[in-house]
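The values are calculated or read from the model by the stated rules, or taken from the named source; none is laboratory data. From a predicted model like this one, the values you see are computed outputs, not experimental measurements. Here the Cβ is made from the backbone with ideal geometry for all residues, glycine too, and neighbour counts use every protein chain on show. Side chains included, ligands, DNA and RNA excluded: accessible areas come from the protein's heavy atoms. Shrake-Rupley method; radii C 1.70, N 1.55, O 1.52, S 1.80 Å.
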Amino acid sequence: MIPGSFDYHAPTTLDDAVALLTEHGGDAKILAGGHSLIPAMRFRLAVPDVLIDINRIPDLEYIREEDGHLVIGGLTRESALEESSLVQEKYPLLADTAKVIADPLVRNLATVGGNLAHADPANDHPATMLAYGASVVAHGPNGARTIAIDDFFVDLFATALERSEILTEIRIPTPPTGSANAGGAYLKMERKVGDYAVSAVAVQLVMDGDTVVSARLGLTNVNPVPMRAIAAEAELIGKELNDEVLEAVGRAAAAECDPSADLRGSVEYKRDLTRVLTKRVIRKAVERAKGGDS
Amino acid sequence: MTQLDDRIEPHSPLPEGVSAQVETTHDVRVTTPAKICGVGHAMKRKEDPRFIQGKGRYIDDIKLPGMLYMDIVRSPYAHAKIKKIDASEALAMDGVVAVITGEDLKAAGDLHWMPTLMSDTQMVLPIEKVVYYAQEICVVVATERYIAADAIEKVVVDYEPLEVVIDPHLAMEDKVIVRDDKEKKTNHIWHWEAGDKEATDKVFAEAAHVVEQSMHIPRIHVVSIETCGMVANYNKATEHMQMYMTSQAPHAHRTIFAMVSGLPEHKIQIISPDIGGGFGGKVPIYPGYVCCVVASLTLGKPVKWIEDRSENLQADSFARDYHIEAEMAADHDGKITGLRVKTLADCGAADAAANPSKFPAGMYSICTGSYDMKAAHIAVDGVYTNKPPGGVAYRCSFRVTEAVHMVERLTDIMAHKLGEDPADFRLKNFIRPDQFPYKSPTGWDYDSGNYQAALEKAMELIDYPSLRKEQAEKRKRGELMGIGISSFTEVVGAGPSRDFDILGLKMFDSAEIRIHPTGKAMARFGTKSQGQGHETTYAQIIAEELGLPAEDIQIEEGDTDTAPYGLGTYASRSTPTAGAAGVMAARKIKAKAKKIAAHLLEVGEDDLEWNVDKFQVKGSPDQAKTIQEIAFAAYTNHPPGMQAGLEATDYYDPPNLTFPFGSYICVVDIDSGTGEVHVRRFVAVDDCGNIINPLIVEGQIQGGLTQGLAPALFEEIVYDENGQNLTGTLADYLVPTAVETPKWELGRTITPSPHHPLGAKGVGESATVGAPPAIVNAVVDAMWHLGVRHVEIPMTPQRIWALLREHGVAD
Amino acid sequence: MSRHTVNVTVNGEVVSEEVEARMLLVHFIREVLDLTGTHIGCDTSNCGACTVLLNGRAVKSCTIFAAQVDGGTIETIEALAVDGKLHPLQEGFWEKHGLQCGYCTPGMIMSAKHLLDKNPNPTEEEIRWGISGNLCRCTGYNKIVEAIQYAAEKIEQGDSAEEVSA
């Protein structure tokens, strides 16, 4: 399995990368971590004429807090999230997610930006970023713009990125601290390590006592497009948590997703699994919220 | 062979079917000091230094001057007529040297067809039609690997798709004929029966209890981490064909290549280099090998072919794929009385299994297992479908895995149905130690066994009564915990040549030992290690017999120009056959050594006795000659009238198979929400007779258990209705990682084989054979009270979830 | 198709080779540099037989182009033993029977090396997760885990021994 031929460019500035992307348009692909792209090229499912390797552009790998956000450089490796004490301590939903993406070797190269920009509903970050209410920063010929994550995923493998734009940053609102109790969690059911999710659920919420003040839920691999479980959120927000409420939230999530049958399971199984995981992940997030974890 | 060898006959095989009574023990027998490292020492492996330093030499590491690369065009259809193959664009590419099609092979002497190991036929490259998805269509040879990969994209093939038949039951209706090259227009290949039908029917008519269960043992794949490959190197001047090949049976392959290609056998050399796992998948000859040979023959240059993983998963031999309907009968006392089995064997597009020719369903008739019963009858039908040909004995002796799965499931169902504890039920029904040698109702002569001891040991190690207590408490709380047992009997070490062969080649095996003047040795064997550690085990066997340190003995296998003829390594046969040959050859050397020692010490042979590594004079042990001194004398001071040298060869034909056994107990917890099965504990007590290297035996068992876990929970080759393989990459064919694999807990009993010269039995495959039903039995045990009677493998979360919901369990 | 000069430090030696843009790093290592200890077991980034250290991190060399590592540092299994002395991981795999056919072994060892570099005292569970990007078909992993535990202990002892002598 050998990739087809292509021209390779390794620009060292973002502007050069954008210029190359503008020049080659649809014939070009951005090469970041490469762990979705290169296997597809080996099977010749992807045969780009031009690869623009953005790995030599400095200052695209970072994790820091600024302006009430966790900001993550587009080229940040998944393993950096795992190793970041900031992420581990204050962003447990993101920490949960980073641990279950592919396998540890893949995570040493695969990037957060690539995971989102590929817009594969089987990828894990989309659900997580939807739950966080994150935004992404895109660089194009006219400079940078910010896109709310809710507007980012437009179709299967399609995003709001323009053809000549590169995803350079992800911005996650820092969960509130102090009197508000924020919590988050990601729960993924995979057939084995390295597999895509059969279903996975991300939640980020704020509790006041036993009442859910706010919540966002994201679902992985149970819809053609990465999705927020809005109906499920509606069942959750403003409610005092008990088994009945959780069941209603789970059922809502199961009803609003649109999985397809494959080797991972039937439609019925994936829906029911989504219900079960939704209940469990909310319990976990609430536990964290009450335990003082954000 | 020297004259001396002919005078000495150390073979004293027991008469057919006869076995002595043997004792069961627990401690590994060790008779040599650590510096010699004979049998029983946990010696670190001699082969490892090269592997841990990246200095192994596998097929893709072979690089010859001027080497070309071959790649294969494969069919996107499972059944289609080939209307036209247009390779002109590929041939016009820079670096493309040749394209070889079925027509070319036909012109080269009808090489477009080849025999399978079952005396069926299989296409090398098709001319009229393709019969399975990913079938080889034609090959491209180029100067570089990357160019060959580009060129196969440029070959244009015009197909006319035909209706496919994937389900073997539908195939039996003959509406779509897979093999219209055959005279008889039917998909039915063969019908085979074993046992006594009349006696079995009678037992069932008189039975107090009968249970029945249908089950499918799915198609799976060996997935050795190294795929298959070859470097064929034909020298037109010398007419010598050298093939580096991922071969588990290089000698047999040489003979088959000679017979099929017409090349004289003395001009063929097969070298099987380091093999990155075999598990049965490197026993068959695949079309890729033949094309590679033809390419080199035609071009007179070395040609390399290395399979991609997706080719390996999609086109190489599968294993299993038995559709079983089985019944078990028992009397009023809960004693098993009989077994009646019908089975449909899905062979794919050719019967390319690796069964001995007498046994189209291999050792499947061993299916009465560890239980004493009056009668059994087995009927198996082989059928063609539009799937790749097979199936290989994946880490088992020819279909014994299917047999064990079936009988262990039925035994468990019967126990549950009668309300008896599955352990007690087994203990009651086992063949008793005093019944050995035991003649099974289907005609197998079990050499030795003590099934009670193994199960009791496993129950003790896992604290079986406490587990049952825990289970009862959990059940009250609605938690799903299950305990499963499998008490299997394996059948390995083929074989007595009266019964076992590959295409007529009898399944003996061989060893040749040469002791050098300085007391170091070289030994060559007819088998071929693929990770089993032969370089260590065989050295220890010779060390045991001759007192030479195992470190001083170089073991070689795999080069047909140098190694004595043998049938190769599969079916756990290396220790039972070639290992025994090593013992016998060493004993011939020892007999000569004794004569030399008598000469050196100026005493009669009868005055000498052997003591670990020397011959000493009885009653005066300081008068002695070490094996090293004797070796030197064999070349410098041998007795008058005796030929110089210290070498021997032995071809060992075992008097019987060996029958390793064991009892496994598995504990599972089931997540009622997701359907996930978690293997919490797994105790494996194995009995493989006397142990040569405990470290290697443990490794074999742990690896085997993991390859038993895999089909039980994860692995299956899946086809869609068009015959497309949906599990053609390791992203979809789910090989377990370290995370999914439990911490195995091992125990052992030792019941020697009475007929093997070291009392050893094979062990490489026991765990793969025995493990799956233990896991299934545990999962069913967890849900029996809900009304669940059986679960098909792989027991995926979805499958368990569906059963739970069907039986009213919700989360 | 473009060609590129790759300057890279491999096992301590600087090499400079011109390659086609699409050449995979694993082929560069095996075919161009003739370092055949790094193996290939799949085409989907699943098996980990091709694992090497790139700038100190374990990566699957089948899923990165050679051109990408220009200016970088690569370590393969061949560099692990220093002056004929085995690395503790190599010792551990040998002592504990952590290998059978040996095909996954170089990748497994390189993966374990990165794991121990990051986490010198991993728990059994951390080891299992740490090597979950590497498939082994022969051993059933139990003895690989023991091998890595052996190496971790050995490295720790070695460190403390050095501290004592210093």
Only counting protein heavy atoms at a 1.4 Å probe, give the residues of the range B:727-762, ordered by number, whose accessible area falls by 50 Å² or more when the other protein chains are present relative to the chain alone.
B:Leu730, B:Leu734, B:Val735, B:Thr737, B:Ala738, B:Val739, B:Lys743
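As an exercise, use a Förster radius of 56 Å and the Cβ-Cβ distance of A:Glu244 and B:Lys202 to find the FRET efficiency, rounded to the nearest 0.05.
Approximately 0.35, to the nearest 0.05.
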Computed magnitude of the charge dipole of the protein assembly as shown (debye, nearest 20; Cβ of K, R +1, Cβ of D, E -1):
1520
Could you please state how large a percent of the accessible area of the range B:428-583 is carbon and sulfur, counting protein chains only and using a 1.4 Å probe?
49
As a test of the formula, what do you get for chain B when each DSSP H run with n ≥ 4 contributes -39,500 (n - 2.57) and the sum is divided by the residue count, at 222 nm and rounded to the nearest 500 deg cm²/dmol?
-8000 deg cm²/dmol
How about the range B:681-718: which of its residues lose at least 50 Å² of accessible area in the presence of all protein chains relative to their chain isolated, using a 1.4 Å probe?
B:Leu695, B:Gln702
Using R₀ = 25 Å, calculate the FRET efficiency as 1/(1 + (r/R₀)^6) where r is the Cβ-Cβ separation of B:Ala258 and B:Thr238; round to 0.05.
0.95
Using only the alpha-carbon atoms of the range B:496-647, report the extent along each of the three principal axes, biggest first, to the nearest angstrom.
52, 30, 28
How much of the accessible area of the range A:181-288, probe 1.4 Å, is carbon plus sulfur, in whole percent?
49
Averaged per residue, the 1.4 Å probe accessible area of the range C:88-159, protein heavy atoms only, in Å², is roughly 30
For the range A:7-52, the charge dipole (Cβ of Lys, Arg +1; Cβ of Asp, Glu -1; about the Cα centre) points to a positive end, and the Cα of A:Val47, A:Thr12, A:His35 closest to that extreme belongs to A:His35
Explain nothing, just the number: dipole magnitude of the range A:181-288 about its Cα centre with +1 on each Lys and Arg Cβ and -1 on each Asp and Glu Cβ, in debye rounded to the nearest 20.
420
To the nearest 500 deg cm²/dmol, what mean residue ellipticity at 222 nm is calculated for chain A from DSSP H runs of n ≥ 4 alone, each contributing -39,500 (n - 2.57), summed and divided by the residues?
-9500 deg cm²/dmol
Chain pair C, B: total accessible area buried, heavy atoms, 1.4 Å probe, Å²
4600
Of the chymotrypsin sites (Phe, Trp or Tyr not before Pro) in the range B:401-473, those whose Cβ has at most 16 other Cβ within 10 Å and which sit in DSSP loop:
none
Per-bin percent of Cα-Cα distances, chain B [10 Å]:
3, 13, 22, 24, 19, 12, 5, 1, 0
Given a Förster distance of 51 Å, report the FRET efficiency between B:Ala108 and A:Val213 from their Cβ-Cβ distance, rounded to the nearest 0.05.
0.05
Among the listed pairs B:Lys590/C:Lys96; B:Lys267/B:Lys592; B:Lys202/B:Lys428, give every one whose C-alpha distance is greater than 29 Å.
B:Lys590/C:Lys96; B:Lys267/B:Lys592
Rounded to the nearest 100 Å², what is the buried accessible area between C and A, both sides summed, probe 1.4 Å?
2700
Volume per residue that the Cα convex hull of the range A:63-173 spans, once the total is divided by residue count, Å³
91
The range C:3-79 - percent of accessible surface contributed by carbon and sulfur, probe 1.4 Å
41
Chain B accessible area per residue, 1.4 Å probe, protein heavy atoms, integer Å², reads 32
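Mind running the shape call on the protein assembly as shown? Use the C-alpha gyration tensor, a ≥ b ≥ c as the square roots of the eigenvalues: rounded below 1.5 for a/c, prolate if a/b tops b/c, oblate otherwise. Could you put the intermediate results ahead of the total?
On the way: a/c = 1.56, a/b = 1.35, b/c = 1.15.
The shape class here is prolate.
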Given a 1.4 angstrom probe, what's the average accessible area per residue across the range C:3-79, in square angstrom?
28
Report, in order of residue number, the helices in chain C meeting two criteria: a C-alpha extent of 24 Å or more along the helix axis, and a mean Kyte-Doolittle hydropathy of at least -0.5; treat each whole DSSP H run as one helix.
none
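Mind putting a number on the dipole of the range A:7-52 about its Cα centre? Charges go on the C-beta only, +1 for Lys and Arg and -1 for Asp and Glu, and I need it in Debye to the nearest 20.
For this selection, approximately 340 debye.
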Report the one residue of B:Gln213, B:Ile177, B:Met245 whose Cα lies farthest in the direction of the positive end of the charge dipole of the protein assembly as shown (charges on C-beta: Lys and Arg +1, Asp and Glu -1; origin at the Cα centre).
B:Gln213
State which helices in chain B qualify, where a helix is a whole DSSP H run, it must extend 15 Å or more along its own axis by its Cα atoms, and its mean Kyte-Doolittle hydropathy must be at least 0.5.
B:287-299, B:694-713, B:766-783
With a 1.4 Å probe and ligands and nucleic acids left out, the total accessible area lost when B pairs with A, in Å² to the nearest 100, equals 2100
For the protein assembly as shown, with +1 on Lys and Arg beta carbons and -1 on Asp and Glu, the positive-most of A:Gly68, B:Ser753, A:Leu219 along the dipole
B:Ser753
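Can you tell me the convex hull volume per residue for the range A:7-52, based on C-alpha atoms, in Å³ to the nearest whole number?
64
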Test of understanding: what is the full-extension gain from B:Asp499 to B:Arg475, defined as 0.36 nm times their sequence separation minus their Cα-Cα distance?
3.6 nm
